Amino acid sequence: MSGTITIDQKQLPINGEDNLLELIRKASVDLPAFCYHFELSDFGACRMCIVEEEKMGFIASCSTPPADGMVIRTTTPRLQRMRRTILELLLADHDRDCTICERSGQCRLQELTLRFGIDNIRFGKDIEALPRDELSASLVRDPNKCVLCGNCVRNCSEIQGIGVLDFAYRGARVRVMPAFGKSLAEVECVGCGQCIQACPTAALTIKFEIDSVWAALSDPHKRVIVQTAPAVRVALGEEFAGKAGAISTGKMVAALRRLGFHEVYDTCFAADLTAMEETAEFLHRFEKGENLPQFTSCCPAWVKYAEHFHSELLDQLSTCRSPHQMLGALLKKFYAREQGLSPQDIFVVSVMPCTAKKFEAKRPEFTTEGSPDVDAVISTHELARMIREMGIVFEELEDDSYDLPFGFASGAGTIFGYSGGVSTAVIRTAIYKLSGKRPAVDFAFTPVEGFPNVNETIVPVGDGAIRIATVHTLGAAKKLIAALRTGELSYHLVEVMACPGGCISGGGQPLISDAQARHERAQGMRGADKLQQIRAPQDNLFIKEVYQRWLEQPGSDVAHRTLHTGYTSRRRVFGQFIPVVAAERPVVDIKVCVGTSCHLRGSYGVIQELAALIEKQQLTDRVNLEATFCLEQCDRGPSVVIDGHLLEGVSEERLPAIFEEMVVKNLV
Amino acid sequence: MSTEQQIQVSPSRRNGQRQFFRLNEIIAEQTGANRSLIAILQAVQEEYRYLPEEVLTYIATALDLSPATVFGVATFFAQFSLEPKGHYLVTICDGTACHVKRSMSVYDAICRKYDLTEGRLTTPDMLFTLETVACVGACGLAPVMIINGKTYGQISPEAAVAIVDKLANREEKEE
């Protein structure tokens with residue numbers, strides 16, 4: 001669309017803008033909106049961005065395309081009155097305890113209330129307080145703070161391709177919630193926290209773990225060790241009015257010491273270790289041609305996503321734990337012993353840009369002698385909160401540096417925080433290992449046509465080549481996985497990060513309102529890499545030392561026990577079954593999984609066949625048959641459980657024999 | 001297990017298999033480009049008499065939708081029920097014509113007799129569910145009561161209670 005448009009008596013050219021709102025904001029008018037988000041589809045729900053057009057009357061500017069000759073007024077008495085009424089209506093049902101609200105000062109509703117000078121709400125509160133959902137390890141959902149803009153709904157479905165949240169009910173009773181009003185902990189939420197970033201109020205917030213950290217810091221019997229993720233250093237400064245992407249490592253370390261942490265380490269060191277392990281694992285698979293493409297496993301939101309939706313890929317996931325879990329395991333398993341401490345005496349805190357890491361740290365497999373390898377995960381935002389609470393003037397801190405040995409990292413470890421970083425680290429390690437030479441250059445990643453957020457690079461090795469893809473956001477990953485299945489695309493290594501651009505825009509990072517901050521943070525990460533003279537993990541002396549002292553070599557048995565893990569399928573929604581044959585006096589109990597993967601593998605046919613067999617043998621009053629949702633064995637479905645015995649890969653042909661053996665014989 | 005619980009599960013006992021197979025037929029009929037979630041939900045509700053959570057999840061799985069989206073559609077429309085309904089569905093029309101003919105006094109009479117209140121409109125033995133509807137298009141017969149598809153016109157509160165009583169007695173005898 002081209003032409004000109006008049007906005008508040010000012011002429012403006014149309015330059016391919018999708019909607020009027022974009023154009024109006026370019027005219028330096030900050031038109032208010034809740035549901036308009038820079039990377040989501042236009043929704044037109046909140047009506048705050050209404051404008052008056054000469055011929056069309058009142059229109060929502062976010063969902064109206066600009067047309068030549070439009071004459072727009074953004075502020076008239078009637079528009080002002082309408083906007084105020086909308087705000088008043090939103091406020092009427094809103095939990096207005098701003099003083100104790102986590103988002104106070106960063107809340108769009110609060111900001112607009114102030115801006116429009118609303119000092120009285122004419123409407124009474126009509127709704128009783130609804131319960132907060134605090135069961136998830138990653139986030140808290142408070143329906144009393146929701147303004148129904150739908151940003152979280154669209155973010156989860158459009159960006160992440162999951163759709164955990166949606167609108168339910170109607171009219172005055174409309175709420176945003178997971179399926180059946182369940183808790184986020186009971187559904188397929190991966191905990192990425194992108195909905196927190198999209199929420200204009202405090203309806204979705206980070207699950208805070210600050211209290212447990214303060215408690216540990218004041219416990220004289222605990223040695224409190226902290227590690228900070230790569231992406232924290234390029235964003236923490238923003239919480240203290242710093243520029244996005246500015247590296248504040250020195251001040252951050254100084255602040256952590258002032259807070260009372262005994263030892264301050266860098267997760268980038270552990271990222272070097274991850275690169276060593278993951279490369280060894282990859283080269284082994286590459287040579288054997290097994291379980292390819294290998295998918296990276298540093299992103300816990302992606303790992304949980306794969307467990308929920310792609311059980312068939314679990315063997316292809318790298319078995320490497322994510323970097324902070326690797327360091328946690330080293331600290332609890334080896335370092336504690338060397339220091340004459342038990343794992344319980346050490347309290348490990350990870351400062352992460354991420355909310356999904358909070359869930360990851362609570363996985364039962366990540367423990368040493370019953371003590372979690374990482375005791376608490378706090379987000380960048382929570383660290384900023386702690387710094388402020390203690391009254392530390394961040395800007396005036398003198399730079400400090402990490403402790404050794406776990407505080408030194410190569411450039412490769414530093415760049416784990418943005419999309420492409422992990423692959424680059426693996427490429428550097430692999431080239432070094434294969435050629436014995438220090439990698440001189442980085443391979444440029446080029447966008448893959450038709451696949452947004454997917455980039456690829458081809459690394460020549462010997463006679464062949466290693467094909468590597470990076471993808472960020474789970475929606476894009478979903479599309480890539482589909483193309484890998486059909487053979488449209490083919491790679492040896494696929495790096496997946498759940499958040500847009502990677503960890504730099506994780507759910508626990510300071511809030512951003514446009515793509516620019518994201519770009520600057522990535523820029524900051526690249527700069528941090530270049531500042532290191534040592535670019536490849538093999539050259540990191542302290543990595544060598546760790547292998548010499550404890551881990552032997554990459555991929556060794558002890559490295560596997562300490563640094564690697566396994567994955568399990570997860571169901572989408574908790575606790576459901578459908579009765580198919582319900583016996584009056586059941587003797588044998590049969591459950592057939594109808595979860596997504598088993599359904600695709602033909603579990604319905606299995607049910608039909610079983611029902612027919614039960615009928616044929618006249619056992620309807622003695623055999624219970626249920627369709628159940630997910631036995632969490634998705635990679636080997638269809639799964640059937642007969643009286644507690646799990647059978648995998650049950651085909652219809654095998655059923656008569658199984659039925660005879662396990663059901664009929666037991667009944668005779 | 002108490003008698004009450006036994007009665008509650010008994011409908012699915014008798015029909016589980018047929019219902020589940022029918023559910024799959026309904027989904028199969030609706031696949032392809034023109035699949036329509038609402039049509040599926042309507043047909044499935046006809047089969048199960050309400051929309052059980054696990055059935056909604058199953059439909060979401062089969063249609064590659066998120067369960068939250070299916071739940072959203074099912075809760076948006078008043079025609080869908082996520083609560084099990086009684087064997088007899090007693091519908092009182094409360095459209096304008098029926099309302100002015102005092103349809104709510106019919107409703108209230110049944111509530112009183114069977115101890116039903118807002119939020120608990122199904123009898124504990126799962127025999128009756130009472131509901132209102134905004135106009136069934138039979139305004140000439142106002143006030144109107146419909147029980148499982150059978151329409152009773154110009155009904156008085158006393159007559160309505162008598163009809164429901166009769167059905168209750170018949171069930172008792174059969175048991």
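Pairing each residue of region B:36-53 that is in a helix (DSSP H, G or I) with any residue that is basic (Lys, Arg), provided the two are 6+ apart or on different chains, yields C-beta distances under 6 Å for B:GLU47/B:ARG22.
Across region B:35-43, a minimum of one residue is classified as modelled with pLDDT under 85 and more than 7 Å from chain A (Cβ to nearest Cβ). Looking only at residues in region A:395-412 that are within 27 Å of the chain's Cα centre (by Cα) and in a helix (DSSP H, G or I), the one that is surrounded by the fewest Cβ atoms within 10 Å (Cβ to Cβ) is A:GLY411.
Scanning region A:129-165 for residues that are within 18 Å of the chain's Cα centre (by Cα) and either assigned to a strand (DSSP E or B) or of a type in the set (Phe, Trp, Tyr) (or both) yields a count of 4. Out of B:TYR58, B:TYR88, one residue alone is surrounded by fewer than 24 Cβ atoms within 10 Å (Cβ to Cβ) and either among the aromatic types (Phe, Trp, Tyr) or at positive phi (or both). It is B:TYR88. When the criteria are applied in full, A:ASP142 fails the requirement of being of a type outside the set (Val, Ile, Thr), within 14 Å of chain B (Cβ to nearest Cβ) and within 30 Å of A:ALA477 (Cα to Cα).
In the set (1) touching a Ser or Thr at 6+ places or on another chain (Cβ under 7 Å); (2) in a helix (DSSP H, G or I); (3) buried (at least 24 other Cβ atoms within 10 Å of the Cβ), the condition left unmet by A:LYS433 is number (3). Residues of region A:449-481 that are surrounded by fewer than 18 Cβ atoms within 10 Å (Cβ to Cβ) and closer than 29 Å to A:GLY193 by Cβ: A:GLY450, A:PHE451, A:PRO452, A:LYS478. Going by the structure shown, is A:ASP400 at pLDDT below 90, assigned by TED's automatic domain parsing to the domain that holds A:VAL494 and of a type in the set (Asp, Glu)? So A:ASP400 fails the test. Filtering region A:210-249 down to residues that are of a type outside the set (A, V, I, L, M) and more than 28 Å from A:ALA329 (Cα to Cα), which residue is surrounded by the fewest Cβ atoms within 10 Å (Cβ to Cβ)? Among them, the one singled out is A:LYS243. Which ones in region A:313-351 are at pLDDT 95 or above, within 20 Å of the chain's Cα centre (by Cα) and of a type in the set (A, V, I, L, M, F, W, C)? Correct list: A:LEU317, A:CYS320, A:MET326, A:VAL349, A:VAL351. Sub-8 Å Cβ pairs linking a first residue in region B:67-82 that is surrounded by 24 or more Cβ atoms within 10 Å (Cβ to Cβ) to a second residue that is assigned to a loop (DSSP other than H, G, I, E, B) and among the small types (Gly, Ala, Ser), at least 6 apart or interchain, are B:ALA68/A:GLY163, ordered by first then second residue. Taking A:ILE607 as meeting all but one of (1) within 14 Å of another protein chain (Cβ to nearest Cβ); (2) touching a residue at least 40 places away in the same chain (Cβ under 8 Å); (3) in a helix (DSSP H, G or I), write down the number of the exception. The one condition A:ILE607 does not meet is (2).
Inside region A:303-335, residues that are small (Gly, Ala, Ser), over 14 Å from A:VAL546 (Cα atoms) and in a helix (DSSP H, G or I) make up a count of 2.
Here's the yes/no breakdown for (1) part of a helix (DSSP H, G or I); (2) farther than 29 Å from A:ILE196 by Cα; (3) within 14 Å of chain B (Cβ to nearest Cβ); (4) not hydroxyl-bearing (Ser, Thr, Tyr):
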position: A:GLY527; (1), (2), (3), (4): yes, no, no, yes
position: A:GLN538; (1), (2), (3), (4): yes, yes, no, yes
position: A:GLN553; (1), (2), (3), (4): no, yes, no, yes
position: A:LYS591; (1), (2), (3), (4): no, yes, yes, yes
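From B:THR69, B:THR57, grab the single residue that is under 24 Å from A:ARG170 (Cα atoms), in a helix (DSSP H, G or I), at pLDDT 90 or above and facing chain A (nearest Cβ under 8 Å). Of B:THR69, B:THR57, the one residue that is under 24 Å from A:ARG170 (Cα atoms), in a helix (DSSP H, G or I), at pLDDT 90 or above and facing chain A (nearest Cβ under 8 Å) is B:THR69.
Matching residues to (1) at pLDDT below 95; (2) more than 11 Å from chain B (Cβ to nearest Cβ):
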site	(1), (2)
A:VAL153	no, no
A:LEU165	no, no
A:ARG173	yes, no
A:GLU188	yes, no
A:GLN194	no, yes
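Considering (1) within 22 Å of A:LEU551 (Cβ to Cβ); (2) among the small types (Gly, Ala, Ser); (3) under 22 Å from the mean Cα position of the chain (by Cα), say which one A:SER419 fails and leave the rest. Going through the list (1) within 22 Å of A:LEU551 (Cβ to Cβ); (2) among the small types (Gly, Ala, Ser); (3) under 22 Å from the mean Cα position of the chain (by Cα), A:SER419 breaks only (1). The single condition from (1) within 21 Å of A:VAL253 (Cβ to Cβ); (2) in contact (Cβ under 8 Å) with a residue 40 or more places away in the chain that A:VAL393 fails is (2). Of everything in region A:396-420 that is in contact (Cβ under 8 Å) with a residue 60 or more places away in the chain and charged (D, E, K, R), the residue that is farthest from A:GLU520 (Cα to Cα) is A:ASP403. Taking every residue in region A:181-195 that is under 14 Å from A:ALA168 (Cβ atoms) and pairing it with any residue that is of a type in the set (Phe, Trp, Tyr), at least 6 positions away or on another chain, the pairs with Cβ-Cβ distances below 9 Å are A:GLY181/B:PHE71; A:LYS182/A:PHE574; A:VAL187/A:PHE180; A:VAL187/A:PHE574. In region B:157-170, the residue that is nearest to B:LYS101 (Cα to Cα) out of those that are touching a residue at least 12 places away in the same chain (Cβ under 8 Å) and loosely packed, with under 14 Cβ neighbours inside 10 Å is B:GLU158. Looking at A:VAL558, is it assigned to a helix (DSSP H, G or I) and assigned by TED's automatic domain parsing to the domain that holds A:ALA270? Yes: the conditions hold for A:VAL558.
Within region A:569-598, the set of residues being more than 20 Å from A:GLY163 (Cα to Cα) and surrounded by fewer than 22 Cβ atoms within 10 Å (Cβ to Cβ) comprises A:PHE577, A:PRO579, A:ALA582, A:ALA583, A:GLU584, A:ARG585, A:PRO586, A:VAL587, A:VAL588, A:ASP589, A:LYS591.
For region A:267-300, give me the residue count where each residue is closer than 12 Å to A:ASP315 by Cα and not in a helix (DSSP H, G or I). Summing the residues that are closer than 12 Å to A:ASP315 by Cα and not in a helix (DSSP H, G or I) in region A:267-300 gives 8. A:ARG572: within 14 Å of chain B (Cβ to nearest Cβ), closer than 23 Å to A:ALA306 by Cα and not small (Gly, Ala, Ser), yes or no? Answer is yes for this residue. Would you confirm whether or not region A:351-359 contains a residue that is outside any loop (DSSP other than H, G, I, E, B), out of contact with any strand residue (DSSP E or B) (no Cβ under 8 Å at 6 or more places or on another chain) and surrounded by 22 or more Cβ atoms within 10 Å (Cβ to Cβ)? Scanning region A:351-359, I find at least one residue that is outside any loop (DSSP other than H, G, I, E, B), out of contact with any strand residue (DSSP E or B) (no Cβ under 8 Å at 6 or more places or on another chain) and surrounded by 22 or more Cβ atoms within 10 Å (Cβ to Cβ), so the answer is yes.
Only one entry in A:VAL641, A:VAL663 is farther than 22 Å from B:PRO67 by Cβ, at pLDDT 80 or above and crowded, with 18+ Cβ neighbours inside 10 Å, namely A:VAL663.
Of all residues assigned to region A:470-487, none qualifies as being free of Cβ contacts under 8 Å to residues at least 12 places away in the same chain and assigned to a strand (DSSP E or B).
The values are calculated or read from the model by the stated rules, or taken from the named source; none is laboratory data. Worth saying up front: this structure is predicted, and the values here are computed from it rather than measured. Backbone-built Cβ (ideal geometry, glycine too); neighbour counts: all protein chains shown.
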